[in-house]
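Trainee: What follows is a single structure, and I will ask about it in a moment.
The values are calculated or read from the model by the stated rules, or taken from the named source; none is laboratory data. Note that this is a predicted model, so its numbers are computed, not measured. Note that each Cβ is placed from the backbone with ideal geometry, even for glycine, and that neighbours are counted across all protein chains shown.
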Amino acid sequence: MNSQALDVNSVDYLEYKGKHKGILAWILSTDHKRIGILYLVSLSTFFIVGVALGFLMRFEMLSQGKTIVDAQTYNALFTLHGIIMVFLFIIPGIPAVFGNFFLPIQIGAKDVAFPRLNLLSWWLYVIGAIFALSSLFLSGGPIDTGWTFYIPYSSRYTSANVILPLIGAFILGFSSILTGLNFVTTVHRLRAPGMSFFKMPLFVWAVYSTAWIQVVATPVVGITIILVILERLFYVGIFDPTLGGDPILFQHLFWIYSHPAVYIMILPAMGVVSEIIPTFARRTIFGYKAIAFSSLSIAIIGYIVWGHHMFTSGMSDTSRWIFSFLTFIVAIPSGVKVFNWVATLYKGSIEFGTPLVYVMAFILLFSIGGLTGLVLGALSTDVHVHDTYFVPGHFHYVMFGGTAFIFFAAIHYWLPKMFGRMYNEQWAKIAVGVMFIGLNMLYFPMLILGYMGMPRRYYDYLPEYASLHILSTVGSWILIIGLVVMIVNLIKAVRSPKTAPMNPWGGITLEWQVPSPPPLENFRVIPEVKHGPYDYHYYEEEEVKYEHISKS
Amino acid sequence: MSISAKAEDNTSLHTEHIHIHRDDVGAKLGMWLFLFTELLLFGGMFLIYMAYRLEYSTEFQISAKELDVALGTVNTLILLTSSLTMALSIAAIQRDKKILSMLFIVLTISLALAFMINKYFEWGAKFHHGIYPGSMELAEKSNGEIIFFGLYYSMTGIHGLHVLVGVVVLLFMLVFVARNKINSINYMKLENSGLYWHLVDLIWIFLFPLFYLLH
Amino acid sequence: MNLDNKEHEKSHLIGYGTYVLSWLVLLSLAILTVTVASIDLGNFTLFTALLIAAIKSALVIMIFMHIKYDEPIFKVFLTIALLVLLIVFVLMGFDIFYR
């Protein structure tokens, strides 16, 4: 036991040799850091596939009529793009990668509460992904229902392969639930001595709130999917109108999960922003408790607004105005966050590192996404732009400009810690700039197109929409160039020698007080937490001491 | 929850690195969170039930008459009793009475199987009368009746699946108790399985009146 | 580890009698709900059935699932889950009952 203990403390987690060799040392590892990296690799792979499908979709819309693919293939393209991006990239996204890697370290724990369950949830993710994508290669053809699987098309009319992707989505939901319950238990049981709830970093708060939504929302979509499968396979009367069912009920159940899922996507991103801003402004975060509680209240309110996806579905007028009203309430905690972030920057000694540049882009893009969201949340205006390009325009601003940009910010922020290596800052910043331009060129025309009446998911369009469609397609090329620059830069960084210091940005949360990359059990001695996560004035007094500990 | 057991095995081999650390409260917390997902899963179906019960109240009452109240009542009593034996098996292991605990687990499993056998006869009778999803007989009935039986089959079916999973879990627990992996100081796995089993009972407590007792 | 064991010793040992008693109550409630169902109470039929089911489930949760004897955090968690369920039913009700 003693020799192993020594081993555990001196070797970093990348170098550690366990029972298994080669790739098995990764895919059978229960170390939360390795599982985080596993997620990073698999998520990035699917993200690239999703981008490729999106590129093809946009390319098809370059000209009227057929450009490269036929209509049925186009339907499959937007469905698979949606399924991959939603279920395989953005929902697991930040919690699975950075939550896994940094949540235990930030609360001063050696691992998550259930390490084996954690590994299981990665395996379920992979199996679910295989199911979700298998329809591509099987008879019947790839699924063409859109990622929302709306009834009755999905259960009765389409001849495409629907069952397998549905099973895939169910398994992915299971994976998400296991991650969620793991994180909730971890936060409750494994905090270091002195780490009270209000001394936790805000990223932990955000991931904790997200984990709760994962636990209480995902099962609802699970059962919805099972019922659709039963209906399609055995003609069990549940939602199908020809059997007396009510398709609106399907939409209710689907969105009871899928709207909170939007907050599963964005809340952890907001948590990352709350980490990056104080670090680069060298300042205590403004309104710590307000941000912590706003995470919780976004989680709660986010759960009760699902009806705003259904304003034109034929549900009752009473519930339409209630859901519209509730939707506007979400703006309050979101506003609290943006206000506090900006207030933190005010009079800070700001250093424009790459992560902060991403955050700046995020605040702007997310604001556009949020404001267009108000247009969709308001009952009257939604009726006008419902199911038009305005909707994809809006949610791509939130999801790409919001979550994906912060996913990239998190990679740039934590890559030195995860791999012990640095990337080229100049190229990283160039990549942000190119992506920012490409993203706006890609999605802003969509907002205008939608306002003009261009319906979403259509294969063809009228001549008056042509110029904006071309602009949008060219934007997608620029965005992809930016992505390629970023990815090449990151891959080069990971392959370079280990030169990253322990604390390249001067952050003071616990992960910056362990070596880069962290040792197997994260801490030599479990730290005792004495002050808040962003109390720079305390930290400067103790800085010398920390340096000393890290070298000994 | 065989996780911590395997963890201990591995550390004794000194090969794979696993953080040994036993946290019973944490394990129970995790289990409860899992139970909430089950609660929400069935909650979704009850939600659909509520909507259709309102839309098709008369058809629901007509269809419910086709269900066998006696069989349903017997199954209710069986599940309630199995909950008792489950709880007693934990109480026995807490008092270090291994054989008694195993006896109660065996009883619980037998009651669960009795429940499934009853269910088999009940579904069998329905199938015999041609009332099953997609059948000609059912297709001729009104929309409300099709929906009633759609819900009946999916809700009791998914519940039955949970009973079967419970049987498998309890079989594992029986082996663990026999091999002293579950004992009077470390019985968290049994307690968590018990929590799961009680949840299955809990769901049935609601399913029973909502399907069998409509008049 | 030591600490956990201590928590254990402290944890309440529930007697066989308590379980058997709650089981008897549950059985009688089950019989009651069947009996009541045969009487026509009009609109109250569903209400009484659900009320009895709620009492039964409360008994199962409190005694069999030991919530009564567990730490407060379990009660908090359970409340959260039940509230979520309640909210979903109420909001969905706004559609179903007003359509």
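Trainee: Checking residue A:349 against (1) touching a Ser or Thr at 6+ places or on another chain (Cβ under 9 Å); (2) closer than 24 Å to residue A:425 by Cα; (3) of a type in the set (Ser, Thr, Tyr), which single condition isn't satisfied?
Mentor: With respect to (1) touching a Ser or Thr at 6+ places or on another chain (Cβ under 9 Å); (2) closer than 24 Å to residue A:425 by Cα; (3) of a type in the set (Ser, Thr, Tyr), residue A:349 is out only on (1).
Trainee: Sticking with this one: Any chance you could count how many residues in region A:342-357 are surrounded by fewer than 17 Cβ atoms within 10 Å (Cβ to Cβ) and not acidic (Asp, Glu)?
Mentor: 7
Trainee: Moving on to the next point. Only one of A:450, A:482, A:401, A:475 is in a helix (DSSP H, G or I), over 23 Å from the mean Cα position of the chain (by Cα) and within 27 Å of residue A:270 (Cβ to Cβ); which?
Mentor: A:450
Trainee: Sticking with this one: Test residue A:215 against the criterion of being more than 25 Å from residue A:394 (Cα to Cα) and out of contact with any Gly (no Cβ under 7 Å at 6 or more places or on another chain), and give yes or no.
Mentor: Criteria not met by residue A:215.
Trainee: Let me ask another. Residue B:15 is checked against (1) at pLDDT below 50; (2) facing another protein chain (nearest Cβ under 7 Å); (3) in contact with a Phe, Trp or Tyr (Cβ under 9 Å, 6 or more places away or on another chain) and fails just one. What number does that condition carry?
Mentor: (3)
Trainee: Still on this structure, please answer the following. Given the conditions (1) more than 14 Å from chain B (Cβ to nearest Cβ); (2) within 27 Å of residue A:248 (Cβ to Cβ); (3) touching a Ser or Thr at 6+ places or on another chain (Cβ under 6 Å), which single one is not true for residue A:205?
Mentor: (2)
Trainee: Out of all the residues in region C:30-39, which are at the interface with chain B (Cβ under 9 Å from one of its Cβ atoms) and farther than 11 Å from residue B:213 by Cα?
Mentor: If the condition is that a residue be at the interface with chain B (Cβ under 9 Å from one of its Cβ atoms) and farther than 11 Å from residue B:213 by Cα, then C:30, C:31 are the ones that fit.
Trainee: May I ask you to verify whether residue A:405 is more than 17 Å from residue A:483 (Cα to Cα) and either buried (at least 21 other Cβ atoms within 10 Å of the Cβ) or touching a helix residue (DSSP H, G or I) at 6+ places or on another chain (Cβ under 8 Å) (or both)?
Mentor: No.
Trainee: Okay, next question. Looking only at region A:138-188, how many residues end up being more than 29 Å from residue A:456 (Cα to Cα) and away from chain B (no Cβ under 14 Å)?
Mentor: 0
Trainee: Determine which member of the set A:41, A:69 is aliphatic (A, V, I, L, M) and modelled with pLDDT under 95.
Mentor: Only one candidate qualifies: A:69.
Trainee: Can you tell me which residue within region A:413-432, out of those that are more than 21 Å from the chain's Cα centre (by Cα) and within 28 Å of residue A:395 (Cβ to Cβ), is surrounded by the fewest Cβ atoms within 10 Å (Cβ to Cβ)?
Mentor: A:430
Table: residues versus (1) in a helix (DSSP H, G or I); (2) within 11 Å of another protein chain (Cβ to nearest Cβ); (3) touching a Gly at 6+ places or on another chain (Cβ under 9 Å); (4) more than 19 Å from residue B:83 (Cβ to Cβ).
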| site | (1), (2), (3), (4) |
| --- | --- |
| B:166 | yes, no, no, no |
| B:180 | no, no, no, yes |
| B:194 | yes, yes, no, no |
| B:200 | yes, yes, yes, no |
| B:208 | yes, yes, yes, no |
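Trainee: Does residue B:22 satisfy the criteria of being over 30 Å from residue A:26 (Cα atoms) and at pLDDT below 95?
Mentor: Taking the combined requirement at face value, the residue does not satisfy it.
Trainee: So, one more: How about region B:52-78: which of its residues are assigned to a helix (DSSP H, G or I), at pLDDT below 95 and of a type in the set (A, V, I, L, M, F, W, C)?
Mentor: Answer for region B:52-78, where residues must be assigned to a helix (DSSP H, G or I), at pLDDT below 95 and of a type in the set (A, V, I, L, M, F, W, C): B:54, B:60, B:62, B:64, B:69, B:70, B:71.
Trainee: Does at least one position in region A:523-533 carry a residue that is within 30 Å of residue A:43 (Cα to Cα) and modelled with pLDDT of 85 or more?
Mentor: Among the residues of region A:523-533, at least one is within 30 Å of residue A:43 (Cα to Cα) and modelled with pLDDT of 85 or more, which makes the answer yes.
Trainee: Any residue in region A:57-73 that is of a type in the set (Gly, Ala, Ser) and within 27 Å of the chain's Cα centre (by Cα)?
Mentor: no
Trainee: When the residues of region A:313-335 are narrowed to those that are in a helix (DSSP H, G or I) and closer than 18 Å to residue C:99 by Cβ, which ends up farthest from the other protein chains (Cβ to nearest Cβ)?
Mentor: Among those that are in a helix (DSSP H, G or I) and closer than 18 Å to residue C:99 by Cβ, it is A:324.
Trainee: Consider region A:125-163. How many of its residues are part of a helix (DSSP H, G or I) and surrounded by fewer than 20 Cβ atoms within 10 Å (Cβ to Cβ)?
Mentor: Final tally of qualifying residues: 11.
Trainee: Restricting region A:226-240 to residues that are in a helix (DSSP H, G or I) and surrounded by 24 or more Cβ atoms within 10 Å (Cβ to Cβ), which is farthest from the other protein chains (Cβ to nearest Cβ)?
Mentor: It comes out as A:228.
Trainee: Would you check if residue B:64 is farther than 30 Å from residue B:179 by Cα and at the interface with another protein chain (Cβ under 7 Å from one of its Cβ atoms)?
Mentor: no
Trainee: Any idea how many residues of region C:46-68 are more than 26 Å from residue A:253 (Cβ to Cβ) and either more than 7 Å from every other protein chain (Cβ to nearest Cβ) or of a type in the set (A, V, I, L, M) (or both)?
Mentor: 13
Trainee: Which residues, counting only those in region A:358-375, are β-branched (Val, Ile, Thr), surrounded by fewer than 22 Cβ atoms within 10 Å (Cβ to Cβ) and under 24 Å from residue A:281 (Cβ atoms)?
Mentor: A:363, A:368
Trainee: A further question follows. Output the residues belonging to region B:83-105 that are touching a residue at least 24 places away in the same chain (Cβ under 8 Å) and within 10 Å of another protein chain (Cβ to nearest Cβ).
Mentor: Result: B:83, B:85, B:86, B:87, B:90, B:94, B:95.
Trainee: Related question: Suppose the filter is more than 15 Å from residue B:49 (Cβ to Cβ), within 12 Å of chain B (Cβ to nearest Cβ) and crowded, with 22+ Cβ neighbours inside 10 Å; does residue A:243 pass it?
Mentor: In short, yes.
Trainee: Right, here's the next one. Give all pairs with beta carbons closer than 9 Å in which a residue from region A:483-497 that is over 15 Å from residue A:354 (Cα atoms) meets a residue that is of a type in the set (S, T, N, Q); count only pairs at least 6 apart in sequence or on separate chains.
Mentor: Partner pairs satisfying both residue conditions: A:492/A:424.
Trainee: Also, I was wondering about something else. Could you run through region C:69-85 and say how many residues are more than 11 Å from chain A (Cβ to nearest Cβ), loosely packed, with under 15 Cβ neighbours inside 10 Å and either touching a residue at least 60 places away in the same chain (Cβ under 8 Å) or within 14 Å of the chain's Cα centre (by Cα) (or both)?
Mentor: Counting residues in region C:69-85 that are more than 11 Å from chain A (Cβ to nearest Cβ), loosely packed, with under 15 Cβ neighbours inside 10 Å and either touching a residue at least 60 places away in the same chain (Cβ under 8 Å) or within 14 Å of the chain's Cα centre (by Cα) (or both) gives 2.
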